[in-house]
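The structure appears below as structure tokens.
The values are calculated or read from the model by the stated rules, or taken from the named source; none is laboratory data. Quick caveat, the model's predicted, so the values are computed rather than measured. Note that we place each Cβ from the backbone using ideal geometry, even for glycine, and neighbour counts take in every protein chain shown.
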Amino acid sequence: MRRNIVFLLLACGTSRIVAQIPRVFPAGDLPADARLSELRTLNSYFPFTAVRNEEQWQQRQMEIKRRILISQGLWPEPTKTNLQAAVHGRVEHDDYTVECVYFQSIPGHYVTGSLYRPKGKQGPFPAVLCPHGHWRNARFYDAGDTAARRSVASGAERFLNAARNHIQARCVQLARMGCIALFYDMTGNCDSIQIGHRPERSDHLDTPEHWGFLSVQAELRLQNMMGLQTWNSVRAIDFLSELSDVDTKRIGVTGASGGGTQSMIIAAIDDRVTAAMPCVMVSTAMQGGCTCENAPLMRIGQGNIDIAAAVAPRPLGLTAADDWTKELETKGYPALQNLYAMLGYEDRLTAVFHTHFPHNYNHVNRTVMYSFFNRHFKLGLNEPVLESDFELLSKEQLSVWNDQHLAPSGSDVGDAHEISLLGLATEDSDEQLASVVPRSGQSPERFQNVVGAAWATILDRRLDQVGEIEFSHTKEVADGEFALTLGQLNHAAMSEQLPAMKLRGKSKSQKGVVIWLTETGKSDLIKDGKVIMPVAKLLEKGYTVLSADLSGQGEFLASDVPLEAQRMWYQQDGNSGWKRFAGYTYGYNHSMFVKRTHDVLSLIKYATTLSRQQNIHLVGLDRTAGPIALAARSQAADAVNTTIVDLAGFQFRGITSHDDPMFVSGAVKYLDVTGLLSLCAPYDISIAGLQKKSVATRVFAATNASAKLHLVDSRALMLALEQL
């Protein structure tokens, strides 16, 4: 009904100007816009983003860390509950011990692993976190006699036991050196049995009421497998920090492959990590192919070199192999050398490039790691630190589950556990976000620092970050009352180009600019050859009206059929659950909604050149244009005077597919369209079709701008438009 009312109010025009709006570009041609090129993927090129000085690095470092945290649902930090840790089943050796460990990172969800401790040494000891990577069931892994002999023969390993399980070898040697090593299981491996690592099916866990990882509702809340593993790593540091024999000022992390990914991630976001050595993963090439290595938003504007660099100036060690890291020595590592040199800590960066070996964490590279921690933890050992042989432990000796420590079962495993886990995460997140909404007399600062920072990261562009905008005229049409100018709106710095339209009336007095957004583009301003009534009235008053085909509208399309789905990129053949993870697309590319928000900011920037008095108004009167107008308004500071929006009842939570043109990762977590509206405070907003209002009214009140928020119906909204 609301859409019908708005349509009737808009439909009538007063002056015929053209039968239809002519094209800016010749039929069959598309805008010269870089966003029409192939999607970025995990296999694209990711060079380091250089900085000029330490101050710039601190800002850049903060941005990298915040983007990681937001991408994995950890902004703000979830509530830390009691770990309820259990340590049992000690196995004694001459110079080290091994114990079984489990604890709850989230109530009812267990992190499992092995704890290696020095024996016969005096603590407290430094601790090294060891995430395990994509060696199937790594703690229990056995490469077999034939493969082990080949590794020894090639020089990759010294001892058969280490060649059979290099992960046990790593932890044993660290304990012998005087470190406590915690090796913990990747989700779905070894004793981590509650959730599969890469599910082949996921559609059955995708309903608005009950959902699991990979679902639309999970992605709208930034709930993903990578976030779970990163949270497990955070809680693993909590566990180590609670041990009386751990020196919390010396906590390291090292892992290879997927464990290398997790090593650089936890080191980037958790300052308790004092030295990090992510192996055979940091490169400008392939960024990680698993759902546990990808998250929406995470690698937009950054890659693994940037993420690894975020530990600086803390010590960082790297290795390369004959895999996607083979060019690290010339691509990526020199940039890291420059960064550490600029910061004055060249001696804290270590790297070796044994690219004659395949993807590995072999003894050659482990030896470099031992020296790395020996130096930075001041262990006082002679170098090179070489392994000696050890006793390989069996699955029965290492498994944390037994008759006294029962493995999870029933509703604590499988789909029921996954649904419950994300239900708990949603409940906690909702409580966290509710707590930052200001109440009477409170400052909006916390709200801005949490919700504002999140949306700023998601939208990834403020008006003050928009470069120079030029309008290149291509066509002009006039009928005596109105003049229509078509042209290309160029944002050269970003290689973005919009088919745009500028309407002017014959009035000599110019009141300012109205930017009019629509569901399908600029052509909606002309109906049956006439300018729609409210636009015509604005022109008569002396306003210039700007409109454009935003990304995915009008002349961005090869046909006249409106865009119903945005492009997606799937892993491998894309024919199973985990391969269709939305993070493979949105982890590297802006969503259509964000691209359109950028386009509106370009329109606003251009409008500032037309209206020197900053008399600019923004209008969006449908379920597509309304939310986009709010998003752009939230990032436009004081450039826009009045914003007039009809949401027509739209909420992000109502989206049911990942490729919906309105899909935005994290939108529901950060309070949906109400969150966007709230970030428009303290500026003047008239809005209809808003379903949830209390958050916005509280934020506007906290900014002393209650009088600037006008919550109205569609008819009153049209009156507000007439009063411009």
Just checking, does segment 475-491 include any residue being of a type outside the set (A, V, I, L, M, F, W, C), farther than 30 Å from Gln194 by Cα, at pLDDT 95 or above and touching a Gly at 6+ places or on another chain (Cβ under 8 Å)? yes
Of the residues in segment 60-81, those that are charged (D, E, K, R) and under 13 Å from Gly587 (Cα atoms) number 1
Is it true that some residue in segment 311-321 is over 21 Å from Gly133 (Cβ atoms), of a type in the set (A, V, I, L, M) and surrounded by fewer than 24 Cβ atoms within 10 Å (Cβ to Cβ)? yes
Could you tell me whether segment 660-679 includes any residue that is on the phi > 0 side of the Ramachandran plot, at pLDDT 95 or above and crowded, with 23+ Cβ neighbours inside 10 Å? yes
Matching residues in segment 48-65 - criterion: being among the basic types (Lys, Arg) and assigned to a helix (DSSP H, G or I): Arg60, Lys65
Options Met298, Met281: the member that is on the phi < 0 side of the Ramachandran plot, buried (at least 24 other Cβ atoms within 10 Å of the Cβ) and either aromatic (Phe, Trp, Tyr) or within 16 Å of the chain's Cα centre (by Cα) (or both): Met298
Taking segment 18-43 only, how many residues are on the phi > 0 side of the Ramachandran plot and of a type in the set (S, T, N, Q)? 0
Helices (runs of 4 or more DSSP H) wholly inside segment 379-481 containing at least 1 residues that are surrounded by fewer than 14 Cβ atoms within 10 Å (Cβ to Cβ): 395-398, 414-436
Which residue pairs have Cβ atoms closer than 6 Å, lie 6 or more positions apart in sequence or on different chains, and pair a first residue in segment 353-370 that is in the same structural domain as Ala147 (by TED's automatic domain parsing) and of a type in the set (A, V, I, L, M, F, W, C) with a second residue that is modelled with pLDDT of 95 or more and in a strand (DSSP E or B)? Phe353/Ala320; Val368/Val352; Met369/Thr254; Met369/Met277
Just to be sure before I move on: is Gln572 at pLDDT below 95, touching a helix residue (DSSP H, G or I) at 6+ places or on another chain (Cβ under 6 Å) and of a type outside the set (Lys, Arg) in the structure I sent? yes
Options Glu564, Glu519, Glu540: the member that is surrounded by fewer than 23 Cβ atoms within 10 Å (Cβ to Cβ), of a type in the set (Asp, Glu), closer than 30 Å to Arg201 by Cβ and assigned by TED's automatic domain parsing to the domain that holds Ala629: Glu564
Within segment 445-454, identify whether any single residue is among the basic types (Lys, Arg), without any contact (Cβ under 8 Å) to a residue 24 or more places away in the chain and more than 30 Å from Asp95 (Cβ to Cβ), and answer yes or no. yes
The number of residues in segment 79-137 that are exposed (fewer than 15 other Cβ atoms within 10 Å of the Cβ) and closer than 21 Å to Ala267 by Cα is 2
Condition set farther than 12 Å from Pro444 by Cβ and at pLDDT 95 or above, scope segment 691-706, selection surrounded by the fewest Cβ atoms within 10 Å (Cβ to Cβ): answer is Ser706
Checking the structure you have, find out if any residue of segment 527-534 is modelled with pLDDT of 95 or more, closer than 23 Å to His473 by Cα and touching a helix residue (DSSP H, G or I) at 6+ places or on another chain (Cβ under 7 Å). no
Can you pull out every residue in segment 105-144 that is in a loop (DSSP other than H, G, I, E, B) and closer than 24 Å to Gly196 by Cβ? Pro107, Gly108, His132, Gly133, His134, Trp135, Arg136, Asn137, Tyr141, Asp142, Ala143
Flag for Gly288 being under 28 Å from the mean Cα position of the chain (by Cα) and assigned by TED's automatic domain parsing to the domain that holds Leu74: yes
Test for Gly554: is it on the phi > 0 side of the Ramachandran plot and either basic (Lys, Arg) or surrounded by fewer than 24 Cβ atoms within 10 Å (Cβ to Cβ) (or both): no
So which residues in segment 173-213 are of a type in the set (A, V, I, L, M) and outside any loop (DSSP other than H, G, I, E, B)? Leu174, Ala175, Met177, Ile180, Ala181, Leu182, Leu205
Given the structure, is Gly512 in the same structural domain as Gly552 (by TED's automatic domain parsing), over 18 Å from Leu546 (Cβ atoms) and more than 33 Å from the chain's Cα centre (by Cα)? no
Tally of residues being farther than 20 Å from Lys595 by Cβ and in contact with a helix residue (DSSP H, G or I) (Cβ under 7 Å, 6 or more places away or on another chain) across segment 464-503: 2
Cβ-Cβ under 7 Å, sequence separation 6+ or interchain: first residue in segment 379-391 and without any contact (Cβ under 8 Å) to a residue 24 or more places away in the chain, partner surrounded by 15 or more Cβ atoms within 10 Å (Cβ to Cβ) and of a type in the set (Gly, Ala, Ser). Which pairs? Glu383/Ser371; Pro384/Ser371
Filter segment 244-278 down to the residues that are of a type in the set (Asp, Glu) and over 18 Å from the mean Cα position of the chain (by Cα), then identify the one that is farthest from Trp324 (Cα to Cα). Asp245
